[in-house]
1. When residues of region 13-35 are filtered for being touching a residue at least 24 places away in the same chain (Cβ under 8 Å) and either at negative phi or in contact with a Pro (Cβ under 8 Å, 6 or more places away or on another chain) (or both), how many remain?
2. Can we say Gly173 is exposed (fewer than 14 other Cβ atoms within 10 Å of the Cβ) and at pLDDT below 95?
3. Mind telling me which of the residues Ser88, Ser74 ends up being of a type in the set (Gly, Ala, Ser) and open to solvent by 20 Å² or more (accessible area, probe 1.4 Å)?
4. Mind checking which residues of region 124-148 are under 28 Å from His235 (Cβ atoms) and open to solvent by less than 10 Å² (accessible area, probe 1.4 Å)?
5. Exactly one condition in (1) free of Cβ contacts under 8 Å to residues at least 24 places away in the same chain; (2) within 23 Å of Lys135 (Cα to Cα) is not met by Ala51; state its number.
6. Suppose we filter Lys80, Lys69 for residues that are open to solvent by 20 Å² or more (accessible area, probe 1.4 Å), at pLDDT 95 or above and touching a strand residue (DSSP E or B) at 6+ places or on another chain (Cβ under 7 Å); which single one remains?
7. (1) aliphatic (A, V, I, L, M); (2) in a strand (DSSP E or B); (3) under 22 Å from Lys151 (Cβ atoms): which one isn't true of Ile71, the others all being true?
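The values are calculated or read from the model by the stated rules, or taken from the named source; none is laboratory data. Keep in mind it's a predicted model, so treat the numbers as computed, not measured. Note: ideal-geometry Cβ built from the backbone for every residue, glycine included; neighbour counts use all protein chains shown. The accessibility values were calculated without ligands, DNA or RNA, using every heavy atom of the protein model including side chains. Shrake-Rupley method; radii C 1.70, N 1.55, O 1.52, S 1.80 Å.
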Amino acid sequence: MAIQILTDSSCDLTLEQFSELDIQIAPLTVHLDGQDYEDGVTIQAKTVYDAMRQGKAPKTSQISPQTFKEIFTSHAKENKPLVYIAFSSQLSGTYQTAKMMEQEVKEEYPDAPIHVIDTKCASLGQGLVVLHAAKLAKQGASVDEVVNAVKYQSEHMEHIFTVDDLEYLKRGGRISKAQAFVGTLLKVKPLLHVDDGKLVPLEKIRGSKKVLSRMLELMEERGLDLTNQTIGISHGDDLERAEQLSKMIQDKFNVSENQIVIEMVGSVIGAHSGPGTIALFFSNKPKPN
């Protein structure tokens, strides 16, 4: 029986990718100008970035329990396997809500083949895991094979990113006021990564030019078999720098252009990271399947 892959909008994939690989999407919510919008459905990231440049402070909220209950119940009734690949539990309550609804639905349908997985990933880090799982599902892999692949890919996904203005991360409670103040004062560009699902500052670099070079150095230190994997780059409405980073990766690691996926950081994550964010995603231990 065909396996349905479900994910949330924080994976920063496109509607075309969802459609092509039959991925079901549950959008998180963006609050802007007194209105609620569905991420990637009724609001696009560019709108959020333009609002932030004007000094507005969009807020976000997780997927409602009711949404998960409806999705899980419909699959449970049909006994159709569902694998939900979730945004990091350290960055959103979405995974915990999904687990709660999974348990509730399984009280009525104890044998429902529903699997909820915390990727501890975000943005295209999560997106690359989703793409891998969806391709496996389309190739006829078993539920166990898909679940194991999601767990493996998630565990080995590296996230290295920089933000243009620490103020946005401070507003969203992702870093402390002191960290933001010192960074802004010194005009440093912070490099951060994701460790066990949490955002962790790595180092501070003076000047934006040096940041991309340092990202490549970290990729060389941490990455493995870079020519045999898909690499992700996401950006906060700064395609030019994302393409610059892509070209640097191609030149340094002999990676082909079609191995690199470039997408905009979506509304939900973008509301916290802000315009000018550049993020790099790759595996530190790729496995073919």
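1. Taking region 13-35 first, the residues touching a residue at least 24 places away in the same chain (Cβ under 8 Å) are 13-15, 17, 21-24, 26-32.
Keeping just the survivors that are either at negative phi or in contact with a Pro (Cβ under 8 Å, 6 or more places away or on another chain) (or both) gives 13-15, 17, 21, 23-24, 26-32.
Selection size over region 13-35: 14.
2. Working: exposed (fewer than 14 other Cβ atoms within 10 Å of the Cβ): yes; at pLDDT below 95: yes.
Yes; evaluated as a whole, the condition is true for this residue.
3. On the way: Ser88 fails: open to solvent by 20 Å² or more (accessible area, probe 1.4 Å).
Going through Ser88, Ser74 in turn, the sole match is Ser74.
4. The answer is Leu124, Gly125, Gln126, Gly127, Val129, Val130, Ala133, Ala134.
5. Here Ala51 clears every test but (2).
6. Details: Lys69 fails: touching a strand residue (DSSP E or B) at 6+ places or on another chain (Cβ under 7 Å).
Criteria check complete, one pass: Lys80.
7. Status for Ile71: all satisfied but (2).
Let's see how each residue does on (1) modelled with pLDDT of 80 or more; (2) exposed (fewer than 13 other Cβ atoms within 10 Å of the Cβ); (3) of a type outside the set (Ser, Thr, Tyr):
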| residue | (1), (2), (3) |
| --- | --- |
| Leu186 | no, yes, yes |
| Lys189 | yes, no, yes |
| Ile205 | yes, no, yes |
| Val211 | yes, no, yes |
| Glu217 | yes, yes, yes |
